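> Just passing along the structure, written as structure tokens.
The values are calculated or read from the model by the stated rules, or taken from the named source; none is laboratory data. All values reported here derive from a predicted model rather than from experimental measurement. Cβ atoms come from the backbone with ideal geometry, glycine included; neighbour counts cover every protein chain shown.
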């Protein structure tokens, strides 16, 4: 699934963080939560990460 998903803000590649169960966009500096197995790709709901 990661091969077809992209960050909605930057259109960049996402990586999966198994520890936090989030999809990470390094370029945008945000983490998108995965809720009940479904990625929440709404930028408003993303968590800002330290880079």
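> Which is at pLDDT 95 or above, part of a loop (DSSP other than H, G, I, E, B) and at negative phi, of 5, 23?
Selected residue: 5, the only one of 5, 23 that is at pLDDT 95 or above, part of a loop (DSSP other than H, G, I, E, B) and at negative phi.
> Only one of these is surrounded by 14 or more Cβ atoms within 10 Å (Cβ to Cβ) and more than 8 Å from the chain's Cα centre (by Cα): 19, 26. Name it.
Residue meeting the stated conditions: 26.
> Out of region 38-51, which residues are modelled with pLDDT of 95 or more, more than 14 Å from residue 8 (Cβ to Cβ) and assigned to a loop (DSSP other than H, G, I, E, B)?
Correct list: 49 only.
> Then there's this: So which residues in region 26-37 are under 12 Å from residue 16 (Cα atoms) and either assigned to a loop (DSSP other than H, G, I, E, B) or at pLDDT below 95 (or both)?
If the condition is that a residue be under 12 Å from residue 16 (Cα atoms) and either assigned to a loop (DSSP other than H, G, I, E, B) or at pLDDT below 95 (or both), then 26 is the only one that fits.
> Which pairs turn up if I take residues in region 3-27 that are over 14 Å from residue 50 (Cα atoms) and look for partners that are at pLDDT 95 or above and loosely packed, with under 14 Cβ neighbours inside 10 Å with beta carbon separation below 7 Å, at least 6 apart in sequence or on another chain?
Taking only residues 6 or more apart or on different chains, the pairs are 6/12; 8/43; 9/43.
> Something else: In region 29-42, what count of residues is obtained for those that are loosely packed, with under 13 Cβ neighbours inside 10 Å and either farther than 18 Å from residue 4 by Cα or within 9 Å of the chain's Cα centre (by Cα) (or both)?
Looking only at that region, the number is 2.
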